[in-house]
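Heads up, the thing below is written out as structure tokens.
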Amino acid sequence: MLEAIEIAIGGEFERKAQVSASGENSVLPAGASSGQVVTRFAPSPTGFLHIGGARTAMFNWLFARHHGGKALLRIEDTDKARSTPEAIDAIFAGLDWLGLDWDDTPVFQSERAARHAEVAHQLLEAGKAYKCFATAEELEAMRAEQREKKLPMRYDGRWRDRDPSEAPEDAPYVVRLKAPQSGKMTIADQVQGNVTVDTRELDDYVLLRSDGTPTYMLAVVVDDHDMGVTHIIRGDDHLNNAFRQLALIQAMNWPEPVYAHIPLIHGNDGAKLSKRHGALGVEAYRDDMGVVSDAMFNYLLRLGWGYGDREKISRTEAVELFSLANVGKSPSRFDAKKLINLNGQYLREMDDTALAALVAPRVAALMPEFDPTGGIDLLGRAMPVMKLRARDLNELAEGAQFLFKNRPLSMDEKAKSLLDETGIAVLQTVLPVLAEAPSWTAAALEEKLTQFAEAQGHGLGTYAQPLRAALTGQARSPGIFDVLELLGRGESLARINDVTRVAA
Ligand code: GLU
């Protein structure tokens, strides 16, 4: 059932619409008639790929891939101060890391200013836009009056019906859209439901500034049209803009796209996601937190989209299952702990060689003595046991360091305390026993040591901790027999010998 709601749109000073629609929407996508779905992701470069942006990108990509359509990328780089090559590269790198590929060549909005202006001039000629010669002082006075009278703050249309010849000669002007002044406008939003505004709420907003440059609103509409976008999937902070954009689309007689405004991501306290909730850029999860791409993809997918109560969904399954109908209508909460736990699950399922390749540079950063070329094989062999407990790539790298330490090992405080007199005595008895093991596998070593421990009337625990300290320099490591097998016979016996010999 559709639930119609009305929202108010402010003028030059926009108010956030309070939208709380529910109910399914049965409107057919416009693309259905022309046959091909075309979506776009249109980030403004800010220095990183925001996690909210990454999710919007994913939803656009998934919707297009699900329908066998096109997913396009447009860089909204008109703010030249912020849109540095580094900021743009950060977006490309983030999208690439998430495995999101795009059709056609990316569009750079800044390169299309002439085309945007052309459309504004077409509207002028058709009488659907007009020149406004109001000065900055006049507009300020107008706003002051509106403020005082508590009227909605918006341009009052003072040049809408005036003849431009009334303006002083050579006076600067902006071009404004002649927005509709009566009636209602409804967007059958695929996520929010039907959303209606009174068109009196729409102002005659600026299309071209007095220096002839296009405004953001004009650029977005022209680009979406020229790129053949059929479905606009984006954050619901753009819902207000949609009505203003639609007025322009209608003025041009262009086909209307289908809209889907997705609720924003909130922090786990329910407030809008901000820096105080933790990192906002995708690269921080990739680089600093050691999250793998598949886990990030899955986590962001489930943040705002669901398929029953399934938590783990692969990219391929997501393409198969994705629909806008299953996008949630209320803001979802970003929970870094859940992401890290899911990451742990993905690590356990990853191919060990691929995992070792991701871990190797992190080990190298922790210990200069690590040689990635020589060490990658051992790292790969260590992954099956190491990944059982790790939740991120950093934990794997930290945990793997013992494998590559130079002898004699430096011991941390806990290891030192395990290697007291008793600990060393234990190692002295166990060293010849291990040396006799028929083969150097975890299973054979376990059998050998278990028999010995039983004969001595001790539990295995008596031996495990001093061994761990001597073999790793730490009090924590993977299972001791796995450690022995990974280090190999020579290195293991030498590390134990280093400890017992010093004490002797
Ligand atoms: N560039 C806008 C942003 O990054 C998105 C515009 C749109 O999707 O229409 O928020």
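The values are calculated or read from the model by the stated rules, or taken from the named source; none is laboratory data. Being a predicted model, the structure only gives us computed values, none of them experimental. Cβ atoms come from the backbone with ideal geometry, glycine included; neighbour counts cover every protein chain shown.
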Practice task
Starting from residues that are farther than 20 Å from Arg55 by Cα and of a type outside the set (A, V, I, L, M, F, W, C), keep the ones in the stretch 223-240 and report whichever is nearest to the ligand (Cβ to nearest atom).
Solution key: Asp223
Exercise for the section: Go through the stretch 287-315 and give me each residue that's hydroxyl-bearing (Ser, Thr, Tyr) and farther than 26 Å from Phe48 by Cα. Expected result: Tyr307
Completion exercise
Of the residues in the stretch 289-323, those that are acidic (Asp, Glu), assigned to a helix (DSSP H, G or I) and touching a helix residue (DSSP H, G or I) at 6+ places or on another chain (Cβ under 8 Å) come to Asp294, Glu320
Practice task
Considering every residue within the stretch 274-287, establish whether at least one is crowded, with 22+ Cβ neighbours inside 10 Å, out of contact with any Ser or Thr (no Cβ under 6 Å at 6 or more places or on another chain) and assigned to a loop (DSSP other than H, G, I, E, B).
Solution key: no
Problem - Residue, modelled with the lowest pLDDT, within the stretch 34-44, restricted to residues that are on the phi < 0 side of the Ramachandran plot, more than 9 Å from the ligand (Cβ to nearest atom) and outside any strand (DSSP E or B) - result: Ser34
Exercise for the section: Starting from residues that are basic (Lys, Arg) and part of a loop (DSSP other than H, G, I, E, B), keep the ones in the stretch 174-222 and report whichever is nearest to the ligand (Cβ to nearest atom). Expected result: Arg209
Problem - Among (1) free of Cβ contacts under 8 Å to residues at least 12 places away in the same chain; (2) under 20 Å from the mean Cα position of the chain (by Cα); (3) not in a helix (DSSP H, G or I) - the single one Trp102 does not satisfy - result: (1)
Fill in the blank from the handout: Given (1) crowded, with 16+ Cβ neighbours inside 10 Å; (2) away from the ligand (no atom under 16 Å from the Cβ), Glu169 misses just (1)
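Residues are listed down the side, and each one gets a yes or a no for (1) among the hydroxyl-bearing types (Ser, Thr, Tyr); (2) surrounded by 21 or more Cβ atoms within 10 Å (Cβ to Cβ); (3) more than 18 Å from Gln109 (Cβ to Cβ):
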position: Tyr173; (1), (2), (3): yes, no, yes
position: Thr199; (1), (2), (3): yes, no, yes
position: Asp204; (1), (2), (3): no, yes, yes
position: Ala219; (1), (2), (3): no, yes, no
Fill in the blank from the handout: In the set Phe322, Phe370, the lone residue that is buried (at least 19 other Cβ atoms within 10 Å of the Cβ) and more than 27 Å from Ile91 (Cα to Cα) is Phe370
Practice task
Would you check which residues across the stretch 371-410 are assigned to a loop (DSSP other than H, G, I, E, B), more than 26 Å from Pro466 (Cβ to Cβ) and without any contact (Cβ under 8 Å) to a residue 40 or more places away in the chain and list them?
Solution key: Asp371
Fill in the blank from the handout: Checking Leu273, Leu264 in turn, the sole residue that is touching a helix residue (DSSP H, G or I) at 6+ places or on another chain (Cβ under 9 Å), within 23 Å of Asp77 (Cβ to Cβ) and of a type in the set (A, V, I, L, M) turns out to be Leu264
Problem - Selection status of Ala295, among the small types (Gly, Ala, Ser), surrounded by fewer than 17 Cβ atoms within 10 Å (Cβ to Cβ) and modelled with pLDDT of 95 or more - result: no
Completion exercise
Of the listed residues (Arg82, Arg112, Arg160), the one being within 35 Å of the chain's Cα centre (by Cα), at pLDDT 95 or above and outside any strand (DSSP E or B) is Arg112
Practice task
Examine the stretch 128-136 for a residue that is in contact with a helix residue (DSSP H, G or I) (Cβ under 6 Å, 6 or more places away or on another chain), outside any helix (DSSP H, G or I), under 18 Å from Gln245 (Cα atoms) and charged (D, E, K, R), and state whether such a residue exists.
Solution key: yes
Problem - Pairs where the first residue, in the stretch 149-165, is of a type in the set (Lys, Arg) and the second is at pLDDT below 90, C-beta under 7 Å, 6+ apart - result: Arg154/Gly10; Arg154/Gly11; Arg154/Glu12
Exercise for the section: Name every residue in the stretch 241-262 that is in a helix (DSSP H, G or I) and within 11 Å of the ligand (Cβ to nearest atom), in order of residue number. Expected result: Asn241, Ala242, Gln245
